[in-house]
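Enquirer: Take a look at this one; I'll ask things after.
The values are calculated or read from the model by the stated rules, or taken from the named source; none is laboratory data. No experiment lies behind these values; they were computed from the predicted model shown. Backbone-built Cβ (ideal geometry, glycine too); neighbour counts: all protein chains shown.
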Amino acid sequence: MQSDLPSAAIIVAAGSGSRSGGDVPKQYRLLLGKPMLRHSVEVFAAHPAFQHIIVVIGDGQDAFARDALSGIPDIHLVEGGSERIDSVRNAVQYLDNMNFTGRTFIHDAARPFLSAKVIDRLLDALTSSSGAVPALPVVDSLSRGNVEGTLTEVVEREHLFRIQTPQAFRHDVISNAHKAWQTGQIATDDARMVMAAGHEVKIVEGDENLAKFTFADDFDRQIGQSAAMQDVRTGTGYDVHRLAKGEELWLCGIRLDHDYGLAGHSDADVALHALTDAILGAAALGDIGDHFPPSDVQWKGASSDRFLAHAVKLAADIGFRITHLDVTIICEAPKIGPHKKAMQTRIAEIAAIEADRVSIKATTTEKLGFTGRGEGIAAQAIATLVK
């Protein structure tokens, strides 16, 4: 059972990331469509237990951090120190200055694939302990070797664990541990400091997805491993609106010049409606009519980008991220080809994803059916979401 104490998250992102290669520090490199740092920050921001999120950044990284965390409210940026222990201490002191008295989680930005389940296990452990860490048992054989590179002795792996982050503590405990730690002492992690101060640290079940990104090939290897373990969902959407004189023609959030427009309660953008339904379907959140009923006067003439943005937010609120959107527009006229690039860009803006994750296609029905007769336009869409 979790207590009602407030919680704060410290995400350490002050390193240079030189061992991982690249032109920018690894915590700001794109990983599955977003900066690495943003992954774990979003998890803490979405968890109801956390009132404060502190991101520790390196000297000169302010612009990187603000760009990576754009749109996430109430993030506190704190400048780090020359070593990790200094960076964590700066953040702990920042909370001290706020007179914070709850629970403090300390997490490495280089472990981006954090789950709410790990956080919940740590919160539960803190109801009866001063500190807790996620860990996984060592399953490989262990052995010591000599300077010649020859095995010398077997090391028993029983009771050996791989320690991960976030590490969670009562704030007064971690604050006092940092104050008592002598300059120059080596601290492999914060749990070691808390133990040295005489406190018990519990072990909770860790997560293989929490592997740390350190070297350049970790990006390819761990992305593949994580993708294989993710919850992947696919949803489809379909919509039709009739063409009528005197109406504006909106498709994919773009207004097109045409003799006819689409008639409907909102702006009748069939493409955005189909995409909205696809996202809602993938997240098992109903359909567009459940959220924006045509009987509700507030949606009369409404811009359909609001519907798509709302579906994206609803999916994000339960932990889903959009990895791809695909829409096919079915009509004889107008020609869609000249507008594909603008449509792709606009949908990417609304859904807050990269443009290369949006596909726009168009086809005719060879003069057959209502679209072939120019009576209306249809659209079908597919959305792919991951958690």
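Enquirer: Quick check on the range 266-309: of everything there that is of a type in the set (Gly, Ala, Ser) and buried (at least 24 other Cβ atoms within 10 Å of the Cβ), which residue is farthest from Asp239 (Cα to Cα)?
Expert: Once the filter is applied, the top-ranked residue is Ser304.
Enquirer: When you check Leu314 against the structure, is it surrounded by 14 or more Cβ atoms within 10 Å (Cβ to Cβ) and either farther than 15 Å from Val270 by Cα or under 19 Å from the mean Cα position of the chain (by Cα) (or both), yes or no?
Expert: So Leu314 passes the test.
Enquirer: Which residue is surrounded by the most Cβ atoms within 10 Å (Cβ to Cβ), if the candidates are limited to the range 335-378 and must be polar (S, T, N, Q) and out of contact with any Leu (no Cβ under 8 Å at 6 or more places or on another chain)?
Expert: Residue satisfying both the conditions and the ranking: Thr371.
Enquirer: Sticking with this structure for a sec: Part of a helix (DSSP H, G or I), under 24 Å from the mean Cα position of the chain (by Cα) and under 28 Å from Leu160 (Cβ atoms): which single residue out of Val41, Val133, Val118 fits that description?
Expert: From the options Val41, Val133, Val118, the qualifying one is Val118.
Enquirer: Also, I was wondering about something else. Report, by residue number, each residue of the range 319-356 that is assigned to a helix (DSSP H, G or I), closer than 19 Å to Gly261 by Cα and without any contact (Cβ under 8 Å) to a residue 40 or more places away in the chain.
Expert: Once the filter is applied, which keeps residues that are assigned to a helix (DSSP H, G or I), closer than 19 Å to Gly261 by Cα and without any contact (Cβ under 8 Å) to a residue 40 or more places away in the chain, the range 319-356 yields Gly337, Pro338, Lys340.
For (1) in a loop (DSSP other than H, G, I, E, B); (2) more than 31 Å from the chain's Cα centre (by Cα); (3) modelled with pLDDT under 95; (4) assigned by TED's automatic domain parsing to the domain that holds Pro294, each residue gets a yes or a no:
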{"site": "Gly237", "(1), (2), (3), (4)": "no, no, no, yes"}
{"site": "His241", "(1), (2), (3), (4)": "no, yes, no, yes"}
{"site": "His258", "(1), (2), (3), (4)": "yes, yes, yes, yes"}
{"site": "Gly261", "(1), (2), (3), (4)": "no, yes, yes, yes"}
{"site": "His265", "(1), (2), (3), (4)": "yes, yes, yes, yes"}
{"site": "His273", "(1), (2), (3), (4)": "no, no, no, yes"}
{"site": "Thr276", "(1), (2), (3), (4)": "no, no, no, yes"}
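Enquirer: Continuing with the same structure: Is it the case, given these coordinates, that Ser40 is under 19 Å from Arg321 (Cα atoms) and touching a residue at least 12 places away in the same chain (Cβ under 8 Å)?
Expert: yes
Enquirer: Still on this structure, please answer the following. Of everything in the range 173-219 that's among the small types (Gly, Ala, Ser), within 24 Å of Ala110 (Cβ to Cβ) and not in a helix (DSSP H, G or I), which residue is modelled with the highest pLDDT?
Expert: The qualifying residue modelled with the highest pLDDT is Gly206.
Enquirer: I would also like to ask the following. Which members of the range 369-387 meet the condition of being part of a strand (DSSP E or B) and either under 17 Å from Tyr238 (Cα atoms) or β-branched (Val, Ile, Thr) (or both)?
Expert: Gly376, Ile377, Ala378, Ala379, Gln380, Ala381, Ile382, Ala383, Thr384, Val386
Enquirer: So how many residues does the range 110-128 have that are small (Gly, Ala, Ser), at pLDDT 95 or above and either touching an Asp or Glu at 6+ places or on another chain (Cβ under 6 Å) or more than 19 Å from Met195 (Cβ to Cβ) (or both)?
Expert: Residues that pass the stated criteria total 0.
Conditions (1) surrounded by fewer than 24 Cβ atoms within 10 Å (Cβ to Cβ); (2) modelled with pLDDT under 70, marked per residue:
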residue: Ile10; (1), (2): no, no
residue: Ala13; (1), (2): no, no
residue: Ser20; (1), (2): yes, yes
residue: Asp23; (1), (2): yes, yes
residue: Gln27; (1), (2): no, no
residue: Leu32; (1), (2): yes, no
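Enquirer: So, Glu366, is that one under 17 Å from His258 (Cβ atoms), in the same structural domain as Arg242 (by TED's automatic domain parsing) and not in a helix (DSSP H, G or I) or not?
Expert: Numbers: under 17 Å from His258 (Cβ atoms): no; in the same structural domain as Arg242 (by TED's automatic domain parsing): yes; not in a helix (DSSP H, G or I): yes.
Answer is no for this residue.
Enquirer: Please go through the range 60-102 and pick out each residue that is in contact (Cβ under 8 Å) with a residue 40 or more places away in the chain and in a loop (DSSP other than H, G, I, E, B).
Expert: Residues satisfying the conditions are Gln61, Gly71, Gly80, Gly81, Met98, Phe100, Thr101, Gly102.
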